[in-house]
Amino acid sequence: MKNLRNKNNKNRLRSERERGVALIAALFALMLISALAMAMVFSTTTESAVNNNFKDSEVAEYAAHAGIQEARERLIDTAGDYLGANIPTQLPTVGAGGVLYITNPAQGEVVQPQNTATPYFDAELCHDNFPAIGMLNTGNNVPCGAAPAGVVQPLVASTAPDTGTQSALNYKWVRITQKANLSAGANWLGVNPLGPNTVQVCWDRSKNRQTLLPAGYFSCDQDPIGGTDGLRTVYMLTSLAVTPRGTRRMAQAEVAFDPPISLLAAVESDDNVSLNGALTVSGYDNCSCDCSGKGLTYQCNPRPGHVGGCNGSKLGIYASGSVENPTGAAEQVYSGQGTGSGLAYQGNNTLPKSGTFPYKVQDLVNQYSQLPGVVDVTKSSNYNWTCTGTPPNADCGTHSTPSLGGATFPLAPTADNPAGMSPQITYVPGNVSITSSATGSGILIVNGNLDLHGGMQFYGLILVSGSVTFNGGGSSGVNLYGGLLSGDPVQDNTDTTTLGGSVSIQYDYCALKNSNKGQMPRTLALRELSY
């Protein structure tokens, strides 16, 4: 009995010593759970902050790109909000004309990029290396610390939706300048980086690259003889976006318009050219020349009011292969080259020319068919043409009397862009036959062979990757004002472009320069900036 009491006492003492262990364990478990919960809350909060920051950064980036897109659109001279005379006509130098800002304030904001005291000061311009405007380049990734000295910068209001309201897009301004040899921060064009940044940079579409303004040129848009064929100004579009949370993003694009395709002749072909029937092909520029007569009486005079006289520098026909000489009184091919007096002589070997071909026609077809706004006849409800096979061997069938761009016919031989013209870039992805007086203006692109008969009236450029058969001019005085450029997909000069019937083709630079009218400048480069 005594042993039993001792045993119970021991159990009681052990129980008393262990009292509270469960509470401690419970508190410890609660502490662990609390720590896990706090970690999860912290992680969630951090992740939300990261997501919000990323989202805000993306919003700012897209807003900056939206500003660039507005500037691109407003550089088009057919745009309703065209910038016009405000577009910079010179490099940023001391004085007006070198810098333009499009401003896009929200409600109650004042956007003054040229004012250092405002939150949207242009702290990046000095990095574009224009020493003439007196801005101190403080080094990469360091904001500019001074306003441009003596430069008048026009401020043009944005036309973006909701500008001036709380719903305005988040870009604050877009700066437009011409690009100079060091304004992109490198001397890859071969100019001493320590020298003044005063040489304009041009876009050379034929070589698909940027180049320095050639010696003797007035600008990228005007060569020494007043022509506007080969080069175009490169513009730098710099956009600042700031979100309501204060996220800043800056983007910069280099853009340029493609110059129109300037042909050496009214008909230019990367294969052989055959002539038959009663045809007329003239290389005198209808844009500047008023021509009359036929045969040896063909006479061209300058159009009234045209500066520079009648341009007789173009050939009638130019080809990389053979060119059949005109025969008989019916086949007339005219050129101003080598005549000096303005008269051209039918049948002279100096008229049709052959030699090294300056264009890669298939590349041009590929490039122009991808331009914004191109009308693909297989995808447009206005045509619904069906092509079988793969270009350039696809078959797009035969089509009668198509309208390939708006125009007023019959075409009047005026000096520049007859009334009623609505240029369209029309793309046919294969071989096609067009009959019965087709009409149109702009650019007709055929990725294959083109068979034209039964008459046509077109104002602009016909661009064909393969060969062309153009027979039967119909009742039209002139079938084509502009030019015809055809290629040779095999590059072996085994194909033949055939001109015949009563076809009449008249070189016209006004028609060519308006053929891609309304297209936005292409983006040559796009980058993010620190400031």
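The values are calculated or read from the model by the stated rules, or taken from the named source; none is laboratory data. Keep in mind that this is a model prediction, so the values were computed, not measured. In this analysis, Cβ positions are derived from the backbone assuming ideal geometry, glycine residues included, and neighbour counts consider all displayed protein chains.
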Where a residue in region 309-329 is farther than 23 Å from Asp508 by Cα and its partner, wherever it lies, is acidic (Asp, Glu), with Cβ under 7 Å and at least six apart
Gly321/Asp271
Subset of region 303-327 [over 30 Å from Gly466 (Cβ atoms), surrounded by fewer than 14 Cβ atoms within 10 Å (Cβ to Cβ) and not small (Gly, Ala, Ser)]
Pro304, Val307
A careful count of residues in region 291-335 that are over 22 Å from Leu264 (Cβ atoms) and assigned to a strand (DSSP E or B) gives 3
If only one of Ala35, Ala22 is part of a helix (DSSP H, G or I) and modelled with pLDDT of 75 or more, which one is it?
Ala35
Region 234-256, residues that are touching a Ser or Thr at 6+ places or on another chain (Cβ under 7 Å), β-branched (Val, Ile, Thr) and in a strand (DSSP E or B)
Val255
Residue among Val307, Val365 that is aliphatic (A, V, I, L, M) and modelled with pLDDT of 85 or more
Val365
In this structure, does Ile434 turn out to be modelled with pLDDT of 85 or more, within 29 Å of Arg205 (Cβ to Cβ) and under 24 Å from the mean Cα position of the chain (by Cα)?
no
Do we find that Cys300 is over 20 Å from Tyr459 (Cα atoms), without any contact (Cβ under 8 Å) to a residue 60 or more places away in the chain and crowded, with 20+ Cβ neighbours inside 10 Å in this structure?
yes
Given the condition over 21 Å from Leu499 (Cα atoms), of a type outside the set (Lys, Arg) and in a loop (DSSP other than H, G, I, E, B), answer yes or no: does some residue in region 431-441 qualify?
no
Those residues that are of a type in the set (Val, Ile, Thr), within 30 Å of Phe121 (Cβ to Cβ) and buried (at least 21 other Cβ atoms within 10 Å of the Cβ), I need them from region 239-265; list them, please.
Val242, Val255
Gly67 surrounded by fewer than 17 Cβ atoms within 10 Å (Cβ to Cβ) and under 23 Å from Pro372 (Cα atoms)
no
Since Thr356 meets every condition but one in (1) under 37 Å from the mean Cα position of the chain (by Cα); (2) of a type outside the set (Gly, Ala, Ser); (3) at pLDDT 80 or above, which condition does it not meet?
(3)
Taking region 400-420 and the residues there that are among the polar types (S, T, N, Q) and surrounded by 14 or more Cβ atoms within 10 Å (Cβ to Cβ), the one that is modelled with the lowest pLDDT would be Thr414
In region 496-509, which residue that is within 29 Å of the chain's Cα centre (by Cα) and more than 14 Å from Ile261 (Cβ to Cβ) is surrounded by the most Cβ atoms within 10 Å (Cβ to Cβ)?
Ile505
May I ask you to verify whether Thr494 is at pLDDT below 80 and β-branched (Val, Ile, Thr)?
yes
Residues of region 317-353 being at pLDDT below 75 and aliphatic (A, V, I, L, M), which ones?
Ala329, Leu343, Ala344, Leu351
Of all residues making up region 81-118, the number that are modelled with pLDDT under 90, of a type in the set (Ser, Thr, Tyr) and in contact with a helix residue (DSSP H, G or I) (Cβ under 9 Å, 6 or more places away or on another chain)
1
With respect to Gly195, is the statement that it is modelled with pLDDT of 85 or more, small (Gly, Ala, Ser) and in the same structural domain as Thr89 (by TED's automatic domain parsing) true?
no
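One line per residue, one yes/no per condition, for (1) under 25 Å from Cys287 (Cβ atoms); (2) of a type in the set (Ser, Thr, Tyr); (3) modelled with pLDDT under 90:
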| position | (1), (2), (3) |
| --- | --- |
| Tyr481 | yes, yes, no |
| Ser486 | yes, yes, no |
| Ser502 | yes, yes, yes |
| Ser515 | yes, yes, yes |
| Thr523 | no, yes, no |
